[in-house]
Amino acid sequence: MATGTLFVVATPLGNRLDLTPRAADLLRTAPVIAAEDTRTARRLLAELGVALGERRLISCFDANESGRASELAATLAQGGDVVLVSDAGTPLVSDPGFRVVAAAIAVGARVVPVPGASALLAALVGAGLPTDRFVFLGFPPRKSGARRRLFETLRALPFTLVFYESPMRTGATLEDLAAVLGGGRPACVARELTKEHEEFVRGPLADLAARYRDERPLGEVTLVVAGVDETATDEDSADDDLAARADALLAEGLSVRDVADQLAAATGRPRRAIYQLVVKRQTESKKHDAL
């Protein structure tokens, strides 16, 4: 018996007109639809004027994906087709689905991606930052210490960085990005993509961190951050690195004197020059706080 096909179908982020005709046809005819949230899927089907009838709509989310993957693989192995959808955008991209795809491949089923909306790509092309090379990092860690450790590993990358983030943590994440990567690094906060209140807020990380320190953005958020500038001189790069380290130490509550002492001892650079740089960073930080 021939195996079935798993269709990995992208659904709209917000604007329903972004559903492709191909995706709509599959949703109208698929014998089995596996959805991250069946309520969201039912609303989409209703908007398409589709009645399930004898077709199956089953849930497939983080907590039950392992079991569903085995169940769906059995359906595929018996020749049945399956459509996989997430709440919005492209499945598997910081959404459930990887286990289902792996299980389908394991039983020899064909896996067919049906492209469409993606918050990752929408934010990337609208941010105004280089798109030729980029790294997608999903949701950063919830705790500041873990976030900063991750960002430290990204500091020297020349690629544009893309993150998803909760609106509740956007301000804190921008603060950590500015402290580790440098407040002058260009970035963009993209929110409510494809929806009525879609917005791209562009600027240096320090300015964005100051804006969202007390202002929680509404809706889903994607952060896009420029990679390190490969055209910068070694001296420029060293100054940027020093400024980022100074910002991080000031954020920990150290005094200007203590920060200057630590950085002078660590780098061997003149303490007076470092002291002046730290005073400048502290003054800039206070100006941002006053905005």
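What follows is calculated from the coordinates using simple rules that are stated; it is not laboratory data. Computed from a predicted model, the values in this text were never measured in an experiment. Quick reminder, even Gly has a Cβ in these numbers, built from the backbone with ideal geometry, and neighbours come from all protein chains shown.
Hey, any idea what Rg/Rh is for the chain, computing Rh the Kirkwood way over Cα pairs?
1.10
Nearest 5 is fine: what % of DSSP beta bridges in segment 120-225 come out antiparallel, could you say?
Roughly 85 percent of the DSSP beta bridges within segment 120-225 come out antiparallel.
What FRET efficiency do you get for Leu254 and Leu17 if R0 is 45 Å and r is their Cβ-Cβ distance, rounded to the nearest 0.05?
Rounded to the nearest 0.05, the efficiency is 0.30.
To the nearest 0.05, how large is the calculated FRET efficiency for Ala51 and Ala146 if R₀ is 51 Å and r is the Cβ-Cβ distance?
It comes out at approximately 0.65.
Name the longest site-free stretch of the chain, where the excluded sites are trypsin sites (Lys or Arg not before Pro) in a DSSP loop with no more than 13 other beta-carbon atoms within 10 Å.
Here the longest segment lacking exposed loop sites spans 144-291.
Restricted to Cα positions, what overall size does segment 14-60 have along the principal axes? Three whole-Å values, descending.
Principal-axis extents of the Cα atoms in segment 14-60, largest first: 26, 19, 15 Å.
Looking at segment 1-109, which GluC sites (Glu not before Pro) are DSSP coil and have at most 15 other C-beta atoms within 10 Å of their C-beta?
Filter output for segment 1-109: Glu54.
Under the rule of at least 5 residues apart or a separate chain, name every residue whose amide H is placed under 5 Å from the amide H of Phe159.
The answer is Val228.
Based on the Cβ-Cβ distance from Arg28 to Arg213, what FRET efficiency comes out when R0 is 35 Å, to the nearest 0.05?
For Arg28 and Arg213, the calculated efficiency is 0.15.
Give me the distance in nm between label points sitting 7 Å out from Cα along the Cα-to-Cβ direction at Val279 and Asp239, one decimal.
1.7
May I ask you to give the average projected area over all directions of the convex hull of the Cα atoms of segment 120-225, in nm² rounded to one decimal?
If I average the Cα hull's projected area over directions, I get 5.7 nm².
Give me the extension gain from Gln78 to Thr40: residue separation times 0.36 nm, minus the current Cα-Cα distance, reported in nm with one decimal.
Separation in residues times 0.36 nm, less the Cα-Cα distance, equals 10.9 nm.
For segment 31-122, what does the convex hull of the Cα positions come to per residue, in cubic angstrom?
In segment 31-122, the Cα hull volume divided by residue count equals 98 Å³.
Which residue, Ala172, Ala74, Ala273, tops the fluctuation ranking in a GNM of the chain built on C-alpha contacts under 10 Å?
Ala273
Loop only per DSSP, at most 10 neighbouring Cβ atoms within 10 Å: give me the GluC sites (Glu not before Pro) in segment 147-199, ordered by residue number.
Glu196
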